[in-house]
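Here the structure is laid out as structure tokens; the discussion comes afterwards.
Please treat every number below as a calculation from the coordinates, not as lab data. Since we're looking at a predicted model, the values are computed, not measured. All Cβ positions, glycine included, derive from the backbone under ideal geometry; neighbour counts span all protein chains shown.
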Amino acid sequence: MTWSSYLPLWPLSVSPALWLALSLVVAVLVGEALVRYAKLPRIVGYIGIGLLLGPGGLGLIPQLPEVEWRLVVDLALGILLFELGSKVNLRWLKANPWIAATSLLEAVATFFAVFLLLSWFDIPGITAAVAATIAIATSPAIVVRTVTESRAQGQVTDRLLLMTALNCIYAVIFHKLAVAFMHGETGTGFVHSVLPPLYLISGSALLAWLFGVTFERIHHYVGQHEETFSFILFGMIAFATIMASTLKLSPILVLLAAGLITRYQRQRPRTFPPHFGSAGAVLVVLMFIANGLAADLGGLRSGLLLVLLLIIVRSAAKLLSVLILGHYSGIGLRQTMALGIALAPMSSVALLLTLDTSAMFPAFGSGMGLVLMSCIVILELSGPILVQKALRSAGETPEKQT
Amino acid sequence: MSLMSFAPSRPLSIGVELELQLLSCNDYNLVSSAPDMLRRIERYPHPGDVKPEMTRSMIEINTSVQQEYGALVEELRSLRNVVSDAGRFLNVAVAGGGTHPFQHWSEQKIFDAPRFHHLSELYGYLAKQFTIFGQHVHIGCTGPDEALHLMHMLSRYIPHFIALSASSPFVQGHDTGFASARLNSVFSFPLSGRAPFVLRWDDFEQFFGKMTTTGVVESMKDFYWDIRPKPEFGTIEVRVCDTPLTVEIAAAIACYIQAMARYIMVEQRIAPEEDDYLVYTFNRFQACRFGLEGIFIDPRTHEQRSIRDDIADMLTRIAGHASELRAVEAMERIREILIAGNGTSWLRQTYAREHNLGDVMQLQADLWMSN
């Protein structure tokens, strides 16, 4: 028997998960401190600590291996997207078509504003188009998390949730379309440029519908027991996410659509605990830390001006579109401003779309991808604050902050 | 400040005020959407009036002065439609009922108007607990003394109005066991209860003058009495009813009060006595607690019977007056309530079936908003 058989070797070799566990403790403590002393949303602390301790900051914690990071993000984002979908009342679009119009205008304006800006910077058309589709999406993770945390309710909150769900759908579909054209440019036939989006939409819709039906059945039998139900739900979300990836569908689209379908079919909303229980909430926190760890500010060095302009143009397009139609859709100026500002955050959805594109086209990853990553980091850190301030100024948070 | 002189109004004319709940379509909790709703409603022509109330999760609809059931129910229906349409446009559900079954009072926000902020400062949490929803019925009187006479005579029948309209069994997530738990919130106000026993307007003015010099009250609005005179309208205002679950029931109860007022003014013609009030709080408690099953003690004969029987008896006595007022259909609806039960029994049955107060609230809103 030697020393080494029962004593650890020095230097210790530890798994990255240990560091993630440690940063969870630190991040949650910092989050609480932010709420208590600065009245800022907790997630700023989660992302901030990930950014600060991770490779992008002080470098105390190594980047998580891609597979583990992806698992955390996929699961947590799945929970948040399903949660978002089940909070959104699609029938409202029929009763108030102005909201549908606002949503379409906002998405189209964002796309063209970003596309024109990038073209002006001499970025090739198809690359600019892919980036512009990614810019359409408002972060569902930040929106859902901040709304839950601030216990906001009212017109701006409802519209923010609805418009976020819609612009994520647009972003995923048009991103797929743009990527298909990018493939076309690198030399595949026309058929292979048109089929992908069709397959994506119909396949995701089918999987989402199956998910919704199964969800209803299971909820019918074990819905009373909240804990049991949340275990099953996690299993289902993980299954749907992995299944969607296996079938080359979009997990984002599948889970969002599943939530929307569940709500639409049943007509009656259900109230679930936030993120379907504390296990879900832990995953959500981990996701924000992991996003911070994955943050890459490399794009700032080469393209600071472009990053800043991209953020400004994207935010302005969203704000102006909402301002134009706000009055017709039945909200006042103050609320319209709040809604326009709250649409700014970018996070996991944009990040996943960017990474997926970079994986397919390394050239995108080393150029435009870096610029987008920097935008995402900035709008991920400032996003929760913007949403919180906007909801507060619209008078939709409880009067006494807790 | 002295009391405004009593404006004469057409005898037995009626007006109805209903306080309504505004609900989020996401969880059917109360939502502070009154400013959005009012901004939307302003843009559409509608009869009567739609006004803000104490907290931002309530609005009030008022009818104009009406004479009979048919026109009253029509006006209430069109007001309901205007409000429901605005609600659908804004993803806000609108419902009747005296309380919200699971709202938390501390989450309510005071509507931004000086009077409401003043009341909120004065009454503290009571003002937010006042997120309760009532029906007020105005009855026109020829003169002030007639108004006081009618007010004291109608006081005997307060349990009828409470039991018929009762629709607030649930408060803060629990079944209180009361048919109308809403009134328990009203009773915690210092100036609630009944008006003093004065029969002449001169004496009433004197009473009011003394109260204002004490600094306790500034206007009639500071009295939260079960029935109070409203001199600027020339009416008395019955304030004990919960907002019923549909406008049709609200109109029927208003016309029941109207027919009873006609019976009191035209046929009964006996003077009120101070001793009529000996059984007042007992009878009122029975109505709040047990609804139509409550015990009613006749103040004059001391005979005991159920409130349901007393209403059935009254319906027979006022049948002639009701048909004079063209309120036969309204009396039929009252009779239906005696058989099928009031809003509280509907709510309890629905809860027994759904096991979930959120679902109950949604069905309650569907009932109110459907045509």
message: Can you tell me how chain A classifies by the Cα gyration tensor, rounded, prolate or oblate, using a/c under 1.5 as the rounded cut?
response: rounded
statement: Exposure proxy check on B:TYR69, B:TYR44: fewest-to-most Cβ neighbours within 10 Å is B:TYR44, B:TYR69
message: Please compute the Kirkwood hydrodynamic radius over the protein assembly as shown, one decimal place, Å, based on all pairs of different Cα atoms.
response: 29.2 Å
query: Counting only residues 5 or more places away or on other chains, whose amide H sits under 5 Å from the amide H of B:SER192 once H atoms are built in the peptide plane?
result: B:TYR224
message: Distance cut-off 20 Å, Cα to Cα: go down the list B:LYS51/B:LYS109; A:LYS39/A:LYS318; B:LYS210/B:LYS230 and report the pairs above it.
response: A:LYS39/A:LYS318
task: Evaluate peptide B:25-37: per residue, the Cβ atoms of other protein chains within 10 Å of its Cβ; return the mean as an integer.
output: 5
Cα gyration tensor shape of segment B:281-363, rounded if a/c is under 1.5, else prolate or oblate by comparing a/b with b/c: oblate
- prompt: Which order results if B:HIS46, B:HIS152, B:HIS160 are arranged by neighbouring Cβ count within 10 Å, fewest first?
  reply: B:HIS46, B:HIS152, B:HIS160
- line: Per principal axis, largest first, the Cα atoms of segment B:98-235 extend in Å by 46, 34, 21
message: For a quick check: with amide H placed at 1.01 Å from N, whose amide H comes under 5 Å from B:ILE59's, ignoring anything fewer than 5 positions away on the same chain?
response: B:LEU20, B:LEU22
- line: Sequence order, segment A:324-335: Karplus ³J(HN,Hα) from phi using 6.51 cos²θ - 1.76 cosθ + 1.60, θ = phi - 60°, Hz rounded, Gly and Pro as x, gives 5, 9, x, 4, 5, 7, x, 10, x, 4, 4, 5
- line: By the Cα gyration tensor axes a ≥ b ≥ c (a/c under 1.5 gives rounded; else a/b larger than b/c gives prolate, otherwise oblate), the shape of chain B is rounded
- prompt: Normalised by the residues of chain B, what does the relative contact order come to in percent, with Cα pairs under 8 Å and at least six apart?
  reply: 24 percent
- line: When the charge dipole of chain A is computed with +1 at the Cβ of Lys and Arg and -1 at the Cβ of Asp and Glu, the Cα pointing farthest to the positive end, of A:LEU308, A:LEU247, A:LEU160, is that of A:LEU160
Whole-angstrom gap from segment B:319-358 to segment A:127-182, using each part's C-alpha centre: 48 Å
Selected from B:GLY98, B:ILE61, B:PRO45, residue furthest toward positive end of dipole (segment B:1-147; charges at beta carbon): B:PRO45
- prompt: Where does chain B land at 222 nm, in deg cm²/dmol rounded to the nearest 500, when only DSSP H runs of n ≥ 4 count, each adding -39500 (n - 2.57), divided by all residues?
  reply: -14000 deg cm²/dmol
task: Kindly rank A:246-252, A:42-48, A:116-122, B:346-352 from highest to lowest mean number of other beta carbons found within 10 Å of each residue.
output: A:42-48, A:246-252, B:346-352, A:116-122
- prompt: Can you put A:LEU104, A:LEU260 in order, fewest other beta carbons within 10 Å first?
  reply: A:LEU104, A:LEU260
statement: Taking alpha-carbon centroids only, segment B:107-186 lies from segment A:275-352 a number of Å equal to 46 Å
query: Can you give me the Cα centroid spacing of segment B:265-308 and segment A:1-73 in angstrom?
result: 72 Å
